[in-house]
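Colleague: This structure is in structure tokens; I'll ask about it shortly.
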Amino acid sequence: MSGAGSSRHVHLRVDGSVAVITFGNPPVNSLGHPVRAELAAALAEAAGDAAVGAVVLVGEDGRFSAGADIREFGTPLAARAPTLPQLIAAIEEGSKPVVAAIAGHCLGGGLELALGCHYRVALADARLGLPEVKLGLLPGAGGTQRLPRLVGVENALRLIVRGDPVAARTLAATPLLDRVVEGGLLDAALEVARAAAARGGAPPRVRDRAVDDPEAEALLQAARAAAEAGRPPSGAALRCVEAVAAARLPFAQGLGTERALFLELVAGEESRALRHVFFAERTASRVADVPESTPAREVRGAGVVGGGTMGVGIALCFLEAGLPVTLLEVAQGPLDQAVARIRAVVDGLVRKGRLSPEQRDRRMALLGPTLSYEDLATADIVVEAVFEEMGVKEQVFGRLDRVLRTGAILATNTSTLDVDRLALATGRPADVVGTHFFSPAHRMRLLEVVRGARTAPDVLATVLKLARTLGKTAVVAGVCDGFIGNRMVGRYLHQAMLMLDEGSSPAAIDAAVERFGVAMGPFRMSDLAGNDVGWRIRKRHAAEKRAGSAAPLADALCESGRFGQKTGGGWYDYAPGERRALASPQVGELIDAHRRRLGRAPRALDDEEIVDRLVLALVNEGARLLEERIAARASDIDVVYVAGYGFPATRGGPMFHADGRGLARVVARMRDFAANPHADPAFWTPAPLLARLAGSGRSFADFDAEGA
């Protein structure tokens with residue numbers, strides 16, 4: 001074995017007749033321009049070495065590559081030679097066989113790079129995929145042309161149009177992988193390389209294979225129909241289908257089609273929005289005065305107080321992460337019910353094949369049900385998830401303060417209440433933080449982390465680290481009523497109620513915003529969450545004499561006992577055991593009577609007005625949150641709404657959407673709404689920050705970049 005050369009990202013060594021080229025670019029071995037240039041140089045060096053008969057390409061640190069560096073998109077680096085297609089073409093056209101040794105993640109451009117190699121050897125648990133569609137793109141370096149030639153049209157559509165990676169072992173029977181091994185990856189790759197070198201002759205090239213699938217057209221038609229049925233339809237998914245269809249053409253022609261479609265998508269609004277969300281999620285957990293070097297406290301076990309819907313969901317989060325959790329309830333009956341609900345969820349995973357019976361038993365063994373606060377004494381963090389009433393929560397925090405060890409974190413799952421006031425119920429306010437999970441907690445990605453006035457930096461760092469352990473997307477919020485998400489949604493729901501007054505219906509409003517792409521309209525969302533939740537908040541606001549807290553129609557709905565799905569009726573009717581929303585004659589009569597009391601003649605509202613009033617209500621309140629520093633960045637608000645409230649990721653979040661329209665146009669549209677004879681002009685007064693940005697031709701993205 002002899003050394004041959006190395007550079008910043010790439011190392012080449014010669015093992016007998018095989019050049020082993022190792023490349024690394026932490027954390028995911030992305031294929032940015034420096035990596036591409038160094039790989040091209042190393043490959044050229046191996047090609048010019050007469051002692052080298054074959055090449056093995058392997059990634060550092062147990063991973064191949066997660067793909068292109070998407071930060072280069074839209075910059076000169078993306079087109080600087082060698083581009084990824086140029087690098088892949090050089091490998092494929094080379095006279096010496098190149099073997100890709102695949103471990104860890106082999107995604108996007110990483111898989112395209114492997115497809116350009118002449119042979120591929122993979123560990124059985126390596127993850128292979130082309131997830132570009134999730135960024136509003138398609139594979140732009142030959143993936144849509146080479147993959148169908150190796151795995152067939154059906155498998156290629158699944159990997160490209162859905163974008164979900166699969167384990168290498170599931171593709172072991174296809175020509176994609178020449179060998180799948182459980183261990184000894186490099187040895188296996190060297191063996192394949194030496195055998196290929198010994199055979200001589202031109203190495204096999206994927207581009208020379210044909211796509212010969214008699215069911216291809218039917219598969220493509222079904223994939224087109226599925227993409228068109230999306231809400232909103234996915235332009236990227238449709239273009240992925242068209243690119244795969246082009247694989248039936250001669251390779252060069254198909255490659256040209258793929259490239260044209262890729263360039264169309266990369267310049268399009270959908271991809272810009274999805275890339276914005278991608279980066280925003282990774283930025284959201286960064287806190288200016290809490291650097292990544294801040295030491296976090298160790299979390300080895302947790303506690304949850306309250307076995308209701310939220311408590312059960314939060315306990316499941318800890319269990320799924322492999323953390324022991326003690327669940328506290330006030331009486332045996334509610335405790336037994338909570339444990340039964342947890343077991344039902346875990347048993348369901350066994351039925352679906354996601355857990356083995358042994359894994360289920362190990363998970364359930366981590367759960368410690370109790371009726372005693374003393375059993376929480378050793379917990380590193382306890383999340384309070386009891387009734388949303390300040391006095392109740394203060395009592396819980398007082399008791400926790402007395403039993404928890406020094407250094408334990410006291411977290412509240414409140415969705416609206418004052419975290420600073422709750423902290424004063426303890427003698428350790430620095431250890432108190434808000435952890436607002438979204439229902440169902442074990443499924444929803446968002447975690448609003450509420451930083452109190454006295455929350456210690458290491459507590460915040462610990463909870464942000466814990467969020468990653470739990471698989472959550474964390475966004476830090478300051479203390480105010482409703483924090484980021486629920487404060488904004490209050491304005492959104494207020495506008496929805498005003499549109500009922502003016503002549504629209506719950507179904508029309510929901511349908512309009514769902515066609516825009518929101519997962520669930522405001523009235524279906526309220527029925528799912530429980531209309532009594534908002535009713536309690538309005539009562540609290542009225543008791544505090546807050547302006548704008550009245551919602552007489554929503555109150556009348558609750559006074560009639562229509563709390564939503566859980567009572568079989570809310571804004572809609574629900575058949576027993578079903579969640580399908582049905583128009584309610586009773587609600588129609590309630591709305592008509594309300595309009596008569598107001599003296600309103602109903603008018604028609606089109607989809608554009610409905611969507612604009614709802615979305616711009618979010619944007620204006622979001623601007624206020626930024627000015628008050630409740631939210632640090634506009635992109636954080638976008639993450640909250642995409643991850644927690646079903647705002648379409650393909651539109652990037654409300655603040656990104658407003659930037660795309662132009663803030664001057666947003667302000668002009670708000671002034672149009674203020675001129676409505678039934679409008680409250682104060683509602684549509686632009687927030688000072690929004691007015692300043694619009695007036696100076698700047699955007700929320702500029703605000704984020706300036707850190708202003």
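The values are calculated or read from the model by the stated rules, or taken from the named source; none is laboratory data. These numbers were taken from a predicted model, which means no experiment stands behind them. As a convention, Cβ positions derive from the backbone with ideal geometry for all residues, glycine included, and neighbour counts pool all protein chains shown. Ligands, DNA and RNA are stripped out before the accessible areas are found, and what is left, the full protein with its side chains, is counted by its heavy atoms. Shrake-Rupley method; radii C 1.70, N 1.55, O 1.52, S 1.80 Å.
Colleague: With the requirement that a residue be touching a Phe, Trp or Tyr at 6+ places or on another chain (Cβ under 9 Å) and either within 23 Å of residue 477 (Cβ to Cβ) or part of a loop (DSSP other than H, G, I, E, B) (or both), what does the range 318-333 give you? Walk me through it before giving the result.
Modeller: Residues of the range 318-333 that are touching a Phe, Trp or Tyr at 6+ places or on another chain (Cβ under 9 Å), as a first pass: 324-325, 328.
Matches in the range 318-333: 324 only.
Colleague: Related question: Residue under question is residue 339, and the condition is that it be farther than 30 Å from residue 72 by Cβ, in contact (Cβ under 8 Å) with a residue 12 or more places away in the chain, β-branched (Val, Ile, Thr) and open to solvent by 70 Å² or more (accessible area, probe 1.4 Å); does it hold? So that I can check it myself, show each step before the final result.
Modeller: Numbers: farther than 30 Å from residue 72 by Cβ: yes; in contact (Cβ under 8 Å) with a residue 12 or more places away in the chain: yes; β-branched (Val, Ile, Thr): yes; open to solvent by 70 Å² or more (accessible area, probe 1.4 Å): no.
In short, no.
Colleague: Pairs needed: first member in the range 609-621, within 16 Å of residue 660 (Cα to Cα); second member anywhere, open to solvent by less than 10 Å² (accessible area, probe 1.4 Å) and small (Gly, Ala, Ser); C-beta distance under 6 Å; at least 6 residues apart or different chains.
Modeller: 611/512; 619/658; 620/687
Colleague: Look through the range 105-125, keep the residues that are closer than 18 Å to residue 31 by Cα and small (Gly, Ala, Ser), and return whichever of them is farthest from the chain's Cα centre (by Cα).
Modeller: The initial filter retains those residues of the range 105-125 that are closer than 18 Å to residue 31 by Cα, namely 105-117.
Restricting the remaining residues to those that are small (Gly, Ala, Ser) gives 108-110, 114, 116.
Working: 108: 18, 109: 21, 110: 22, 114: 27, 116: 31 Å.
Step by step, filter the range 105-125, then rank; the result is 116.
Colleague: Now a separate question. Do the conditions hold for residue 468, that is, is it out of contact with any helix residue (DSSP H, G or I) (no Cβ under 8 Å at 6 or more places or on another chain), among the basic types (Lys, Arg), part of a helix (DSSP H, G or I) and modelled with pLDDT of 95 or more? Break it down into steps so the answer makes sense when it comes.
Modeller: Details: out of contact with any helix residue (DSSP H, G or I) (no Cβ under 8 Å at 6 or more places or on another chain): yes; among the basic types (Lys, Arg): yes; part of a helix (DSSP H, G or I): yes; modelled with pLDDT of 95 or more: yes.
Here the answer is yes, as residue 468 does meet what is asked.
Colleague: What residue, among those in the range 610-658 that are hydroxyl-bearing (Ser, Thr, Tyr) and in a helix (DSSP H, G or I), is most open to solvent (accessible area, probe 1.4 Å)?
Modeller: Here is the first cut: in the range 610-658, the ones hydroxyl-bearing (Ser, Thr, Tyr) are 635, 641, 645, 650.
When the remaining residues are screened for being in a helix (DSSP H, G or I), the result is 635, 641, 650.
Details: 635: 12, 641: 8, 650: 43 Å².
Filtering first and then ranking leaves 650.
Colleague: What about residue 44, is it in contact with a Leu (Cβ under 7 Å, 6 or more places away or on another chain), of a type in the set (A, V, I, L, M, F, W, C) and open to solvent by 40 Å² or more (accessible area, probe 1.4 Å)? Lay out the reasoning, then the answer.
Modeller: Numbers: in contact with a Leu (Cβ under 7 Å, 6 or more places away or on another chain): no; of a type in the set (A, V, I, L, M, F, W, C): yes; open to solvent by 40 Å² or more (accessible area, probe 1.4 Å): yes.
For residue 44, the condition - in contact with a Leu (Cβ under 7 Å, 6 or more places away or on another chain), of a type in the set (A, V, I, L, M, F, W, C) and open to solvent by 40 Å² or more (accessible area, probe 1.4 Å) - is not met.
Colleague: Being of a type in the set (A, V, I, L, M), open to solvent by 20 Å² or more (accessible area, probe 1.4 Å) and not in a helix (DSSP H, G or I) is the filter here, so list the residues in the range 507-544 that pass it.
Modeller: Within the range 507-544, the first condition is being of a type in the set (A, V, I, L, M), and the residues that meet it are 507-509, 511-513, 518-520, 525, 528-529, 533, 537, 542-543.
Right, trim to open to solvent by 20 Å² or more (accessible area, probe 1.4 Å) and you get 507-508, 511, 519-520, 525, 528-529, 533, 537, 542-543.
If the condition is that a residue be of a type in the set (A, V, I, L, M), open to solvent by 20 Å² or more (accessible area, probe 1.4 Å) and not in a helix (DSSP H, G or I), then 519, 520 are the ones that fit.
Yes/no per residue for (1) in a helix (DSSP H, G or I); (2) in contact with a Cys (Cβ under 7 Å, 6 or more places away or on another chain); (3) closer than 17 Å to residue 471 by Cα; (4) open to solvent by 20 Å² or more (accessible area, probe 1.4 Å):
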residue: 260; (1), (2), (3), (4): yes, no, no, yes
residue: 272; (1), (2), (3), (4): yes, no, no, yes
residue: 275; (1), (2), (3), (4): yes, no, no, yes
residue: 282; (1), (2), (3), (4): yes, no, yes, yes
residue: 299; (1), (2), (3), (4): no, no, yes, yes
residue: 304; (1), (2), (3), (4): no, no, no, no
residue: 316; (1), (2), (3), (4): yes, no, yes, no
residue: 335; (1), (2), (3), (4): yes, no, no, no
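Colleague: Residue check: is residue 196 closer than 18 Å to residue 63 by Cα and touching a residue at least 40 places away in the same chain (Cβ under 8 Å)?
Modeller: Details: closer than 18 Å to residue 63 by Cα: no; touching a residue at least 40 places away in the same chain (Cβ under 8 Å): yes.
So residue 196 does not fit the description; no.
Colleague: Consider residue 607 against the criteria (1) open to solvent by less than 50 Å² (accessible area, probe 1.4 Å); (2) out of contact with any His (no Cβ under 9 Å at 6 or more places or on another chain); (3) farther than 30 Å from residue 471 by Cα: it satisfies all of them except one. Which criterion is unmet?
Modeller: (1)
Colleague: Any idea which residue in the range 552-561 is farthest from residue 501 (Cα to Cα), counting only those that are open to solvent by 20 Å² or more (accessible area, probe 1.4 Å) and not in a loop (DSSP other than H, G, I, E, B)? I'd like the intermediate steps shown before the answer.
Modeller: Taking the range 552-561 and keeping what is open to solvent by 20 Å² or more (accessible area, probe 1.4 Å), we get 552, 555-556, 559-561.
This time we only want the ones that are not in a loop (DSSP other than H, G, I, E, B), so: 552, 555-556, 559.
Numbers: 552: 11, 555: 14, 556: 14, 559: 18 Å.
Checked the range 552-561; the qualifying residue farthest from residue 501 (Cα to Cα) is 559.
Colleague: Can you go through 454, 487 and tell me which one is open to solvent by 40 Å² or more (accessible area, probe 1.4 Å), in contact with a Pro (Cβ under 8 Å, 6 or more places away or on another chain) and in contact (Cβ under 8 Å) with a residue 24 or more places away in the chain? Steps first, please.
Modeller: Working: 487 fails: in contact with a Pro (Cβ under 8 Å, 6 or more places away or on another chain).
When all the criteria are applied, what remains is 454.
Colleague: A follow-up question, please. Among the residues of the range 117-141, which ones are open to solvent by less than 30 Å² (accessible area, probe 1.4 Å), in a loop (DSSP other than H, G, I, E, B) and not aliphatic (A, V, I, L, M)?
Modeller: Answer for the range 117-141, where residues must be open to solvent by less than 30 Å² (accessible area, probe 1.4 Å), in a loop (DSSP other than H, G, I, E, B) and not aliphatic (A, V, I, L, M): 117, 118, 136, 139, 140.
Colleague: If the requirement is being touching a residue at least 40 places away in the same chain (Cβ under 8 Å) and either surrounded by 16 or more Cβ atoms within 10 Å (Cβ to Cβ) or touching a Phe, Trp or Tyr at 6+ places or on another chain (Cβ under 7 Å) (or both), which of these qualifies: 564, 570, 588? Before you say what the answer is, go through the steps one by one.
Modeller: On the way: 564 fails: touching a residue at least 40 places away in the same chain (Cβ under 8 Å); 588 fails: either surrounded by 16 or more Cβ atoms within 10 Å (Cβ to Cβ) or touching a Phe, Trp or Tyr at 6+ places or on another chain (Cβ under 7 Å) (or both).
Exactly one of 564, 570, 588 is touching a residue at least 40 places away in the same chain (Cβ under 8 Å) and either surrounded by 16 or more Cβ atoms within 10 Å (Cβ to Cβ) or touching a Phe, Trp or Tyr at 6+ places or on another chain (Cβ under 7 Å) (or both), namely 570.
Colleague: Residue check: is residue 294 among the hydroxyl-bearing types (Ser, Thr, Tyr), touching a helix residue (DSSP H, G or I) at 6+ places or on another chain (Cβ under 9 Å) and in a strand (DSSP E or B)?
Modeller: Details: among the hydroxyl-bearing types (Ser, Thr, Tyr): yes; touching a helix residue (DSSP H, G or I) at 6+ places or on another chain (Cβ under 9 Å): yes; in a strand (DSSP E or B): no.
Criteria not met by residue 294.
Colleague: Here's a follow-up. Have a look at 415, 439 and point out the one that is open to solvent by 60 Å² or more (accessible area, probe 1.4 Å), under 29 Å from the mean Cα position of the chain (by Cα), modelled with pLDDT under 95 and polar (S, T, N, Q).
Modeller: Values: 415 fails: open to solvent by 60 Å² or more (accessible area, probe 1.4 Å).
One residue alone meets the criteria, 439.
Colleague: If you don't mind, another one. Could you identify the single residue in 576, 602 that is open to solvent by 60 Å² or more (accessible area, probe 1.4 Å) and either touching a residue at least 40 places away in the same chain (Cβ under 8 Å) or not in a loop (DSSP other than H, G, I, E, B) (or both)?
Modeller: Details: 576 fails: either touching a residue at least 40 places away in the same chain (Cβ under 8 Å) or not in a loop (DSSP other than H, G, I, E, B) (or both).
Result of the check over 576, 602: 602.
Colleague: Another question, then. Select from the range 171-190 the residues that are open to solvent by 40 Å² or more (accessible area, probe 1.4 Å) and under 20 Å from residue 206 (Cα atoms) and list them in ascending order.
Modeller: Residues of the range 171-190 open to solvent by 40 Å² or more (accessible area, probe 1.4 Å): 172-173, 175, 178-180, 182-184, 186-187.
Within the range 171-190, 172, 173, 175, 178, 179, 180 qualify.
Colleague: I'd like to know if the range 142-162 contains one or more residues that are in contact with a helix residue (DSSP H, G or I) (Cβ under 8 Å, 6 or more places away or on another chain), part of a loop (DSSP other than H, G, I, E, B) and open to solvent by 10 Å² or more (accessible area, probe 1.4 Å).
Modeller: No; the residues of the range 142-162 include none that is in contact with a helix residue (DSSP H, G or I) (Cβ under 8 Å, 6 or more places away or on another chain), part of a loop (DSSP other than H, G, I, E, B) and open to solvent by 10 Å² or more (accessible area, probe 1.4 Å).
Colleague: Can you pull out the residues in the range 20-72 that are part of a strand (DSSP E or B) and in contact with a Gly (Cβ under 9 Å, 6 or more places away or on another chain)?
Modeller: Those that are part of a strand (DSSP E or B) and in contact with a Gly (Cβ under 9 Å, 6 or more places away or on another chain): 22, 23, 55, 59, 65.
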